[in-house]
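The values are calculated or read from the model by the stated rules, or taken from the named source; none is laboratory data. Since this is a predicted model, take the numbers as computed values, not measurements. In this analysis, Cβ positions are derived from the backbone assuming ideal geometry, glycine residues included, and neighbour counts consider all displayed protein chains.
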Amino acid sequence: MGLRALDNVSLELAQGEILGLIGPNGSGKTTLINVISGLLAPTAGRARVDGTVVTGKPAHVSARAGIARTFQSVRLFKALTARENVEVAALAAGVRRVEAKRRADELLGEFGLARWHNVLAGALPYGLERSLEMARAIATGATFLLLDEPAAGLDESEGDALLALLAGIPATRGCGILVIDHDMRLIMRLCRRLHVLAHGQTISEGTADEVRRDPRVIEAYLGSAGAAA
Amino acid sequence: MTPEFALQYLINALSLGSLYALMALGMAIVFGVLRLVNLAYGELIMVAGYTLFVLNDSPLPWLILAAGAVAMAMVASVLTERIAFRPVRVNSLNAMLITSFAVSTLLQNAALLLVSPRTRAVNVPGVLSQNLDVGGFNVSMANVLTIIVSLGLLFGLNLLLRRTTLGIALRAAADDFPMTRMLGVRADRVIATAFAISGVLAGVVGLFWVARIGSVIPTIGAGPLLIALIATVIGGMSGLSGAIVGGYLLGALTVGMQLLLPQGLLDYRDAFTFAIVILVLLVRPQGLIAGRSAARVG
Amino acid sequence: MGSLLTGVAILIRGHRQLLILIVPIAIFAVVTQLVGGTLLGRIAIAFFINLMVVLSLQIFTGNSGLLSFAHVGFMGIGAYVSAVLTMTPEAKAFAIPDLYPALVPVTLPFIPAVLIGGLVAAVVAAVVTFPIMRLREAASVISTFALLVIIQVILAHWHELTNGPRSLFGLQPYTDLPTAALWGVIFIVVAWVFRHSSIGLRLRASQDSEPAALTIGVNVVRLRWIAFIVSAFIAGFAGGLWAHFVTTFSPRAFYLIETFVAVTMLIVGGPRTVSGAVIGTVIVTAAFQGLRTIENQINLERLLPFQVVGVTEILLAVVLIVVLTVRPGGLIEEREIFSGPGGPLGPDADSAAKAPP
């Protein structure tokens, strides 16, 4: 019964690297992130962080194991201030109150949100929402970040600024990042290694150049009326 | 168990089940389109009851009075939607739910103010208190009529939902309302229709309920509301057939408990049934019967 | 002691609004105690007890975002438990003839009995509510509603503890205004501290987006449970004070009408904030008492050819619907009262308009 949204997909993400996850619409990218972050339980298969299984358990377990994420349709805590949005993430990771506030202020500064700290997240300009969501994810102290279309809806300059920030994160924080995006320009600039999904299955894997030349990838994209140029 | 006893048990269970099924269906049809647990649903039954009471001395035939009572319940249902629920619909589910709580309180106290806090007798046609002889067995006429009318109503409603455009839209909406809206069905009309049908069902339930008790009080809707809640939960709160099955199941269960439980425990019957409700919500939130898939997060 | 004082000092420095909330209420209590008559005194006591019930509801609903219809039931548990504990053996012989023999000789002082009432409510909540804390929307609401019905049925039939559906009478009127006011203020502080605590903050986050809260590691179900237990304690405590205020009551006192009044107070004021809970209680109590007085006066002087009943409830219901329509978040919505404007800082504060996605 039901549709198989994901079938036999296997990928590995190391700390310090940025892996791009691409594929046509409906290929299962978001589903994969939902499974890894614990929001969906897979019927079979596992996600492990340093050997600890995080799938099939309550969703907050994945976060405690060091996985944090953002959402394609941004999900902020709208009735909390920008600062509280970040602070609460640190608190949820078990950081003490004073340290959580300090970490929040530091991250808000880093993401250019300092002067918005007392604004309710629901009242932030759109361009800043994604930055805040990312700051929140980082505040958990995660070792792995899953970013679902981090640049969607941003204009070119905002996108570029975000890109610059993102690119620096693995080095400064030692995280591994998994990025989903339709913007191939962004993906190619950000990621050395790519993983391609189509119809819930892995169709290609490798460096940007390898993937670009892979006939199966070309077919998948052209077949689905070229979601990415 | 003697055959007569068994037949009576069966008819009792079927009659109560039919009534419960109508109650549940009236609740489920609104829940389907709005995700609203309408706590004012019981007061529609009250409206039908008081209409009968007001018309007590009317010279008109009882069937016409009954039609009037059902019509009033329908009007009340549609009016509450238009005046109270529609304005808060955009806000949140909780807002709508509390609104229904407020509407319930409002209607109850209106009856308190306009009629009386005390029980008022309602004339019931003699035929309902007669007994029927079925192959040598004594069967209550009220029970038989309840079963026949309910089945007729369910059948008619089924036709309406399957054959008319609005009916099809309504069934689709009960299944997946956002999707139905995207297909261009006008939300306001579907919702208003759902409330109208809900009101008619409540009205018919009101007739039989009042006939059973022989009187009406402002709090008469409380019992049916709880029953409708339980039955819809057992039925799965999505889709309409679940509610009907839930109603019949609850009817059988109620009569069965009456039969089997000692008085000491019978006092706690409602506590048991509601404990079962919580259990069903926990173990099978999609109900004992139907299934439903999860929504996309992303 | 020193560290406690420091804690209080920090609390006051960071939360001046809390003082702004408490001081007028405390002044009202003191003035009423000194110069108010019996009637005003009783209204004031009723206000403080209502306030506790609404605050208990705010602690759960306001932080978690889940409605609860069960809280008045927990108030009932506290009322009955404390009543059984304070009554003299003679009074019990009259009022609860079927009472368990072991409980007959037990007579505790007032406040300890009320505390135990709150604790029992909290324990019952802890035992029964954990599984339902993972439910959402309709399922969650129906399950708390079911809980209210279950508590009601048990209170009305447990003759060995409650005297069944009949009235329980013969309690001593221990609850005076200073007691009610003191505990009312204490629970304002408790609700305030809870809201701003790490638990409160995490719960409020889960209210805005449960998936997002889960993915930053918030154990949503457990925190809801904790909030429910804390709030059930306060509801039970309030029930104990209420029992020793009215001194005669039956299980029906803890059912739908009272739930409606408490929910109205919370929603009108704004469930998300403690100030909302307080202001909602003030407004609705004032309106309720005013309308009731008018209603009674009309009936007493026979100004109308019929008895006027239910007008108060009707008007409250109308007010509630109007508030939900025009200001669904209540009067004090997201930020506590007097929190300041909360805009962006810096020079180009106005240039960053909200762009459509």
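Of all residues in the stretch A:63-96, those satisfying the criterion of being farther than 18 Å from A:Leu128 by Cβ, more than 7 Å from chain C (Cβ to nearest Cβ) and not β-branched (Val, Ile, Thr) are A:Ala65, A:Gly66, A:Ala90, A:Gly94, A:Arg96. Residue pairs whose Cβ atoms lie under 6 Å apart, sitting 6 or more positions apart in sequence or on different chains, and linking a residue in the stretch B:50-63 that is surrounded by 13 or more Cβ atoms within 10 Å (Cβ to Cβ) to a partner that is at pLDDT below 85, are B:Trp62/B:Pro125.
Scoring C:Asn63 on the criteria (1) modelled with pLDDT of 90 or more; (2) in contact with an Asp or Glu (Cβ under 7 Å, 6 or more places away or on another chain) leaves a single failure, condition (2).
Confirm whether C:Phe237 is over 24 Å from A:Arg64 (Cβ atoms), buried (at least 19 other Cβ atoms within 10 Å of the Cβ) and hydrophobic (A, V, I, L, M, F, W, C).
Taking the combined requirement at face value, the residue satisfies it.
Restricting the first member to the stretch B:75-93 and to residues that are at the interface with chain C (Cβ under 7 Å from one of its Cβ atoms), and the second to residues that are aliphatic (A, V, I, L, M) and buried (at least 17 other Cβ atoms within 10 Å of the Cβ), the beta-carbon pairs closer than 6 Å and six or more apart or on different chains are B:Ala84/B:Val103; B:Ala84/C:Ile321; B:Val88/B:Ala95; B:Val88/B:Met96; B:Val88/C:Leu324. Does any residue of the stretch B:215-233 turn out to be in contact (Cβ under 8 Å) with a residue 24 or more places away in the chain and more than 30 Å from B:Arg118 (Cα to Cα)? Scanning the stretch B:215-233 turns up at least one residue that is in contact (Cβ under 8 Å) with a residue 24 or more places away in the chain and more than 30 Å from B:Arg118 (Cα to Cα). When the helices (runs of 4 or more DSSP H) confined to the stretch C:240-353 are screened for residues that are of a type in the set (S, T, N, Q) and surrounded by fewer than 17 Cβ atoms within 10 Å (Cβ to Cβ), those reaching at least 3 such residues are found at C:274-300. Does A:Lys101 count as surrounded by fewer than 24 Cβ atoms within 10 Å (Cβ to Cβ), among the charged types (D, E, K, R) and closer than 15 Å to C:Ala205 by Cα? Criteria not met by A:Lys101. Give me a count of the residues in the stretch C:259-276 that are over 20 Å from B:Thr105 (Cβ atoms) and either of a type in the set (A, V, I, L, M) or more than 13 Å from chain B (Cβ to nearest Cβ) (or both). Looking only at that region, the number is 4. Scanning the stretch A:96-145 for residues that are assigned to a helix (DSSP H, G or I), within 30 Å of A:Leu11 (Cα to Cα) and among the hydrophobic types (A, V, I, L, M, F, W, C) yields A:Leu107, A:Leu132, A:Met134, A:Ala135, A:Ala137, A:Ile138, A:Ala139.
Every residue, every condition in (1) surrounded by 17 or more Cβ atoms within 10 Å (Cβ to Cβ); (2) in contact with a His (Cβ under 9 Å, 6 or more places away or on another chain); (3) modelled with pLDDT under 95, yes or no:
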| site | (1), (2), (3) |
| --- | --- |
| C:Val127 | no, no, no |
| C:Arg136 | no, no, yes |
| C:Ala146 | yes, no, yes |
| C:Val149 | yes, no, yes |
| C:Pro165 | no, yes, yes |
| C:Thr175 | yes, yes, no |
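Which number in (1) within 11 Å of another protein chain (Cβ to nearest Cβ); (2) at pLDDT 85 or above; (3) over 19 Å from A:Pro170 (Cβ atoms) marks the one condition that A:Ala5 misses? The number of the failed condition is (2). Among the residues of the stretch C:298-353, those identified as at pLDDT below 80 and either hydroxyl-bearing (Ser, Thr, Tyr) or touching a Phe, Trp or Tyr at 6+ places or on another chain (Cβ under 6 Å) (or both) are C:Ser339, C:Pro344, C:Ser351.
Scan the stretch C:179-186 and tell me whether some residue there is without any contact (Cβ under 8 Å) to a residue 24 or more places away in the chain and touching an Asp or Glu at 6+ places or on another chain (Cβ under 7 Å). No: zero hits.
The listed residues are A:Leu165, A:Leu124, and the only one of them that is more than 9 Å from chain C (Cβ to nearest Cβ), among the aliphatic types (A, V, I, L, M) and either farther than 19 Å from C:Gly343 by Cα or surrounded by 23 or more Cβ atoms within 10 Å (Cβ to Cβ) (or both) turns out to be A:Leu165.
For (1) over 22 Å from the mean Cα position of the chain (by Cα); (2) more than 9 Å from chain B (Cβ to nearest Cβ), each residue gets a yes or a no:
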position: C:Glu137; (1), (2): no, no
position: C:Thr144; (1), (2): no, yes
position: C:Leu161; (1), (2): yes, yes
position: C:Gly170; (1), (2): yes, yes
position: C:Pro173; (1), (2): no, yes
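Per the conditions (1) touching a strand residue (DSSP E or B) at 6+ places or on another chain (Cβ under 9 Å); (2) modelled with pLDDT of 95 or more, the sole criterion not satisfied by B:Asp133 is (2). Considering C:Ile298, C:Ile332, the condition of being over 24 Å from C:Ala44 (Cβ atoms) and either within 13 Å of chain B (Cβ to nearest Cβ) or under 19 Å from the mean Cα position of the chain (by Cα) (or both) is satisfied by C:Ile298 alone. Restricted to the stretch B:153-199, and to residues there that are in a loop (DSSP other than H, G, I, E, B) and closer than 24 Å to B:Ile83 by Cβ, the residue that is modelled with the highest pLDDT is B:Arg186.
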